[in-house]
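Peer 1: One structure, pasted below without further comment.
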Amino acid sequence: PEEIKKEILAKYPPKVARKRAKQITPVSSDEKDGLKVGANVRTVPGIITQRGCCYAGCKGVIMGPTRDIINLTHGPIGCGFYSWLTRRNQTRPPSDDADNYMTYCFSTDMQDQDIVFGGEKKLKAAIQEAYDIFKPKSISIFSTCPVGLIGDDVHAVAREMKEKLGINIFGFSCEGYKGVSQSAGHHIANNAIFTHVVGLDDTVMDAKFKINLLGEYNIGGDGFVIEELLNKCGIELVSTFSGNSTMDQFANCHTADLNAVMCHRSINYVADMLETKYGIPWIKVSFLGPTSTASSLRKIAAYFEDQELIDRVEAVIAEEMAPVEAKIKEVKPRCEGKTAMMFVGGSRAHHYQELFRDIGMTVLSAGYEFAHRDDYEGRHVIPDIKIDADSRNIEELEIEPDDTRYNPRKTEEEMKALEEKGYPFKAYDGMIPEMEKGSLIIDDISQHETETLIAMYKPDIFCAGIKEKYAVQKHGIPMKQLHSYDTGGPYASFEGAINFFDEIDRMLNANIWQYLEAPWQKNPELSAKYNWE
Ligand code: CFM
Ligand code: HCA
């Protein structure tokens, strides 16, 4: 992997090479202690990054999957249009007339004159119009880059319209240029939901084991199959942040007894805030891959320390594991020994490795677009992370225990007793321990780095997003989107694992891309003539 790193850097000007070197980490031995990956720093301009912007993280990622709020983009139409359902998150309203605005795209459609004279008037009119047509219970406003540049005050408009219309209206200062990636947008969105929605409804669900699932966005229906699995075990979801979610669920999420955190990158601060304010402990889970799914169910059951639940979870695992094992037996002979690479946002490039390993495949290289160092090195590294100016720009809420509703779900002694038995509260290991000797970790990978990796390692499959898809296929390599899942999914839970194994088997063994020949491969001469002479 050192050679490949050298080859990648050789093409860059010295300053760029020095910067990129910190974000490219060869895993040269089985001893991985002390390995570091530079992360959450600015992208080198012009390098062609996979990253998205702060607005995308706030509007598309966190708020996109919530169906009963009108998500209004204050900005030019492109921002609203591009963030309109492209993530393939699904939702299931309880009835045909229940509020569901996810299929709509709301935008103030800013024009030149709004940029020059200010857009607040237009924003107010848009809120009024949306209210008159739909009578929603909430409206949120997303700021795009020009809003911050011209100084429109979306929060003042939100306060005024909230007062006028009597519904919950709040804004996000999630201008695209804030922070260094969409990660800043996650933080801004979650802070606003915590401030304006969480705790508004104290109704307690009548269920013995009730949890929140944080950091699961119901891409391709993942959230549906996870909820079905939990229900089968007798565990109820008070809320999911934010797959298949509603504002009402956020409003009473503080009544759950445990927070199970799937994509910690996008939401670990909400888990911390819910613990500080309401006394709800949190654990890390993953429902990607059968082993992780089983161990996450066991962790949840162990937390409640209820023998009936523990037994039921074991029975469900035994029942669900059988068809998964049969599927592995079927596809493994055709997939074993093949290689994969994955470069995805902030947690999937790690979570999906188990699914490839289960069918005998090796992960040659992986990395996140916008993760922070703890997503590579593990949560223990957080105190060592230097907070730079870009991160300081993103507000951290000061949270105190709630005067009346702080209620530690377990006493200090009970928490300690569990921890002494090895129970991992607030713990995750990150990607590095998963990576095999000889592999290469690359943070915020560029187009040139992607092409060099493909040329040198020749992986059997490459996983990333829509921007990378066609370039990869042109190299003759099958490409699986791990963001939108292309048209597939769900891939979570036991049921999803079976789907995923079938999909990868199909893609590896019906690889049409290798037969493609571009015209310039047959005839590399330029046949056209410039005629400027
Ligand atoms: Fe978390 Fe996500 Fe991801 Fe993410 Fe994303 Fe996504 Fe992703 Mo695309 S919240 S970090 S910002 S798991 S949208 S559902 S697929 S990059 S790896
Ligand atoms: C985003 C959303 C995205 C993009 C995926 C892609 C998603 O970053 O704004 O590039 O294919 O999952 O839809 O991550």
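Peer 1: Between beta-carbons, use under 12 Å as the cut-off and find the net charge around ASN89, counting Lys and Arg +1, Asp and Glu -1.
Peer 2: On the way: positive: ARG67, ARG87, ARG88, ARG92; negative: GLU216, ASP222.
Within the 12 Å Cβ shell, the charges total +2.
Peer 1: While we're on this one: How big is the antiparallel share of DSSP beta bridges in the chain, given as a percent to the nearest 5?
Peer 2: Here the share of antiparallel DSSP bridges comes out near 15 percent.
Peer 1: Take the alpha carbon atoms of the stretch 450-502, find their center, do the same for the stretch 260-322, and report the distance between the two centers in whole angstrom.
Peer 2: The distance from the Cα centre of the stretch 450-502 to that of the stretch 260-322 comes to 28 Å.
Peer 1: Could you check the simple spin-label distance between ASP384 and ASP486, using points 7 Å along Cα→Cβ, in nm with one decimal?
Peer 2: It is 4.0 nm.
Peer 1: Ignoring ligands, DNA and RNA, what percent of the accessible area of the chain is carbon or sulfur (1.4 Å)? Walk me through the numbers before you get to the answer.
Peer 2: Working: 12490 of 23930 Å².
Taking all protein chains in place, the chain shows 52 percent carbon and sulfur surface.
Peer 1: Given a 1.4 Å probe, how much area per residue of the stretch 54-179 is accessible, in Å²? Intermediate values should be presented prior to the final figure.
Peer 2: Working: 5810 Å² over 126 residues.
With all protein chains present, the stretch 54-179 gives 46 Å² per residue.
Peer 1: How many Å² of accessible area per residue for the stretch 305-421, probe 1.4 Å? Write out the running numbers ahead of the final one.
Peer 2: On the way: 6400 Å² over 117 residues.
Value for the stretch 305-421: 55 Å² per residue.
Peer 1: Still on this structure: Can you give me the span-like helices of the chain, meaning DSSP H runs with 20 Å or more of Cα extent along the axis and Kyte-Doolittle mean at or above 0.0?
Peer 2: Details: long enough: 120-134 (21 Å, -0.40); 182-196 (21 Å, -0.32); 264-278 (21 Å, -0.67); 290-304 (22 Å, 0.09); 307-335 (41 Å, -0.21); 493-509 (24 Å, -0.11).
The qualifying helices are 290-304.
Peer 1: For the chain, what class follows from the C-alpha gyration tensor (a ≥ b ≥ c being the square roots of its eigenvalues): rounded when a/c is under 1.5, otherwise prolate if a/b is larger than b/c, else oblate? Walk me through the numbers on the way to the answer.
Peer 2: Numbers: a/c = 1.59, a/b = 1.11, b/c = 1.43.
Oblate shape, in that a/c is at least 1.5 and b/c is the bigger or equal ratio.
Peer 1: Once a ≥ b ≥ c are taken as the square roots of the eigenvalues of the Cα gyration tensor of the stretch 408-476, is the result rounded (a/c under 1.5), prolate (a/b larger than b/c) or oblate (a/b not larger than b/c)? It would help to have the intermediate numbers written out before the result.
Peer 2: Details: a/c = 4.54, a/b = 3.03, b/c = 1.50.
Prolate shape, in that a/c is at least 1.5 and a/b is the bigger ratio.
Peer 1: Which net charge results for the neighbourhood of LYS277, defined as the other residues with beta-carbon distances under 9 angstrom from its beta-carbon, given Lys and Arg at +1 and Asp and Glu at -1? Write down the numbers at each step before the final one.
Peer 2: Values: positive: ARG405; negative: GLU275, GLU400, ASP402.
With Lys, Arg at +1 and Asp, Glu at -1, the neighbours total -2.
Peer 1: Can you report the principal axis dimensions of the stretch 54-179 using only the alpha carbons, biggest first, rounded to whole angstrom?
Peer 2: For the stretch 54-179, the Cα spread along each principal axis is 44, 32, 22 Å.
Peer 1: Using only protein heavy atoms and a 1.4 Å probe, report how much of ARG18 is accessible, in Å² to the nearest 10.
Peer 2: Using a 1.4 Å probe on the heavy atoms, I get roughly 150 Å².
Peer 1: Using the Cα centre as the reference, give the magnitude of the dipole from point charges on the C-beta atoms of the chain (Lys, Arg: +1; Asp, Glu: -1; all else neutral), rounded to the nearest 20 debye. Intermediate results must be reported in sequence, preceding the final value.
Peer 2: On the way: 61 positive and 80 negative charges, 348 e Å.
It works out to roughly 1680 debye.
Peer 1: Would you calculate a helix-derived [θ] at 222 nm for the chain, using -39,500 (n - 2.57) for each DSSP H run of n ≥ 4 and dividing by the full residue count, to the nearest 500?
Peer 2: Working: 22 runs with 222 residues, N = 533.
Helix-only estimate at 222 nm: -12500 deg cm²/dmol.
Peer 1: How much net charge surrounds PRO424 when only other residues with a Cβ under 9 Å from its Cβ are counted (Lys, Arg +1; Asp, Glu -1)? Mind showing how you got there, number by number?
Peer 2: Working: positive: LYS284, LYS299, LYS426; negative: GLU419.
Surrounding charge for PRO424 is +2.
Peer 1: For the pair LYS416 and GLN514, what calculated FRET efficiency results from E = 1/(1 + (r/R0)^6), where r is the Cβ-Cβ distance and R0 = 60 Å, to the nearest 0.05? Provide the component values of the computation, followed by the final result.
Peer 2: Working: r = 57 Å, r/R0 = 0.95.
Once rounded, the FRET efficiency stands at 0.60.
Peer 1: Separate question: Specify the inter-centroid distance of the stretch 14-49 and the stretch 81-158, based on alpha-carbon positions, in whole Å.
Peer 2: A separation of 38 Å, based on Cα centres.
Peer 1: Around GLY171, which amide H atoms from residues at least 5 apart in sequence, or from another chain, sit under 5 Å from its own amide H, with H modelled in the peptide plane?
Peer 2: It is ILE141, by chain and number.
Peer 1: If you don't mind, there's one more thing I want to ask. What is the calculated FRET efficiency for GLN521 to ASP33, with r their C-beta to C-beta distance and R₀ = 41 Å, to the nearest 0.05? Intermediate results must be reported in sequence, preceding the final value.
Peer 2: Numbers: r = 46 Å, r/R0 = 1.11.
Efficiency, rounded to the nearest 0.05: 0.35.
Peer 1: Show me the GluC sites (Glu not before Pro) within the stretch 306-344 that DSSP assigns to loop and that have at most 16 other Cβ atoms within 10 Å of their Cβ.
Peer 2: GLU336
Peer 1: For ARG159 and ARG357, calculate 0.36 nm times their separation in residues minus their Cα-Cα distance, and state this gained length in nm to one decimal. Don't skip to the end; give the middle numbers.
Peer 2: On the way: separation 198, 0.36 × 198 = 71.28 nm, distance 5.13 nm.
Full extension of this stretch gives 66.1 nm more.
Peer 1: Taking 35 Å as R0, compute the FRET efficiency from the Cβ-Cβ separation of ASN393 and ASP96 and round it to 0.05. Each step should come with its number before you reach the end.
Peer 2: On the way: r = 44 Å, r/R0 = 1.24.
Rounded to the nearest 0.05, the efficiency is 0.20.
The values are calculated or read from the model by the stated rules, or taken from the named source; none is laboratory data. Predicted, not measured: the structure shown is a model, and the values here were computed from it. Glycine also receives a Cβ, built like all others from the backbone with ideal geometry; neighbour counts cover every protein chain displayed. With ligands, DNA and RNA removed, areas are computed over all heavy atoms of the protein, side chains included. Shrake-Rupley method; radii C 1.70, N 1.55, O 1.52, S 1.80 Å.
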